[in-house]
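The values are calculated or read from the model by the stated rules, or taken from the named source; none is laboratory data. Just so it is clear, the structure is predicted and the values come from calculations on it, not from any experiment. No Cβ is skipped: glycine too gets one built from the backbone with ideal geometry, and neighbour counts run over all protein chains shown. Ligands, DNA and RNA are stripped out before the accessible areas are found, and what is left, the full protein with its side chains, is counted by its heavy atoms. Shrake-Rupley method; radii C 1.70, N 1.55, O 1.52, S 1.80 Å.
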Amino acid sequence: MKERIAVNLENRSTSVWTYVFAHLDMYTNPYYQPGQEETITPCCSPRRLQIWHELLSQWQPDYYYPVGLLLGPSDHKEALMKSTYEGMQMYKELIQQRDKEIQEL
């Protein structure tokens with residue numbers, strides 16, 4: 001707090017709320033009705049699922065395929081098949097390695 005006062009931060013910076021309040025239409029739920037008792041529930045359909053690749057791939061970049069490069073359903077299917085095949089190959093190699101270790105006992 002002392003640092004903020006020392007550099008006069010309050011007068012040198014703009015609050016994010018200034019922007020939000022100036023653009024309330026961008027941040028207001030158009031479906032909200034005051035006094036409405038019904039809860040808005042998200043759509044959980046797999047068809048509507050969207051993975052935020054840029055965020056999730058920060059931690060596991062090799063886990064997610066590049067969604068931005070997919071052009072349509074056939075591309076999506078091909079990427080899933082490739083990912084599944086690679087996973088099965090890794091699993092097969094692991095099983096073979098374990099079998100070899102057991103035989104060596």
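Selection of first residues in region 2-28 that are among the aromatic types (Phe, Trp, Tyr) and of second residues that are not in a loop (DSSP other than H, G, I, E, B), restricted to Cβ pairs under 6 Å at least 6 apart or on distinct chains, gives the following pairs, ordered by first then second residue: Tyr27/Val20.
Of the residues making up region 9-40, those that are among the polar types (S, T, N, Q) and assigned to a helix (DSSP H, G or I) number 2. Do the conditions hold for Glu3, that is, is it in a helix (DSSP H, G or I) and at pLDDT below 70? Answer is no for this residue. When restricted to residues that are closer than 30 Å to Arg47 by Cα and of a type in the set (Asp, Glu), region 74-105 contains 3. Determine, yes or no, whether Leu9 is open to solvent by less than 100 Å² (accessible area, probe 1.4 Å), at pLDDT below 80 and touching an Asp or Glu at 6+ places or on another chain (Cβ under 9 Å). So Leu9 fits the description; yes.
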